[in-house]
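Readers should treat all values here as calculations from the given coordinates under stated rules, not as data from a laboratory. Note that the coordinates shown come from a computational prediction; the quantities given were computed from them, not determined experimentally. Because the Cβ atoms are built from the backbone with ideal geometry, glycine has one as well, and the counts that use them run over all protein chains shown.
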Amino acid sequence: MAITDFLPKEYGYVVIVVVLYCFLNFWMSFQVGGARKRYKVFYPSLYAIESENKDAKLFNCVQRGHQNSLEMMPMYFLLMILGGMKHPCICACLGLLYNVSRFFYFKGYSTGDPKNRLTIGKYGFLAMLGLAVCTISFAITLLRGQA
C-alpha cells in the first residue's frame, strides 16, 4: 500500500500550500540578508545594538518579522499536515490565508514600526485557530475509530 491510499487526493493542496510557505520563508531570509548589508549588521550578531547602530530598530524589525515567522512555522506545519488529513480543502484555504497574512505581517514589521505588522498580519491568528479546529476534528475522528 502506498501513502496515497490513506490520504484524500485533495491533500495535494495542503502540500502545495506548505511548500509556498517555504518559498515565503526563503524570501524573508533574503530580505534579512539585504537588511544586514543595508544597516551594517554583520554575522554572528542576531540583532543590532541601538547604542552602536543608528538603524538598529529598522534592522531589528526586519529580523523579528522573519524570526517570528520561524517561531510559528513548526506549529503551522503540524496543524496543516494533521488537520489536512481530514479537511484538506479547508486547511489549504486557511493555510493560504496564513501565508498571505504572514507576508503582510513581515512587510508591516519591516517598516520599523512593529504595530504595522498587525494591519493584515493579525488574520494569521484566525487561520491558525481554524487549523487547530481542523486538527482537533481529525483527532476526534481517530479516537472514535472512524475513517
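Data table
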{"quantity": "Inter-centroid distance (Cα atoms) of segment 106-133 relative to segment 31-84, Å", "calculated": "15"}
{"quantity": "Selected from PRO88, PRO114, PRO74 as most flexible by GNM, with the chain as the system and alpha-carbon contacts under 10 Å", "calculated": "PRO74"}
{"quantity": "Förster-model FRET efficiency, 25 Å R0, ILE81 and THR119, C-beta, rounded to 0.05", "calculated": "0.30"}
{"quantity": "Greater than 21 Å apart at Cα, pairs in LYS37/LYS57; LYS57/LYS107; LYS37/LYS115", "calculated": "LYS37/LYS115"}
{"quantity": "Nitroxide proxy distance, nm - points 7 Å out along Cα→Cβ at SER51 and LYS37", "calculated": "3.1"}
{"quantity": "Crossing angle, helix 88-109 versus the chain [Cα axis fit, 0-90 degrees, rounded to tens]", "calculated": "10"}
{"quantity": "Calculated Rg and Dmax of segment 1-44 using C-alpha coordinates, Å", "calculated": "17.9, 54"}
{"quantity": "Length released on extending from PHE6 to PHE23, taking residue separation times 0.36 nm less the Cα-Cα span", "calculated": "3.4 nm"}
{"quantity": "Neighbour net charge for VAL17 - beta-carbon separation under 14 angstrom, K R +1, D E -1", "calculated": "0"}
{"quantity": "Which of PHE104, PHE30 has the fewest Cβ neighbours within 10 Å, and the rest in rising order", "calculated": "PHE30, PHE104"}
{"quantity": "Helix axis angle, 11-39 relative to the chain longest principal axis, alpha carbon, degrees", "calculated": "10"}
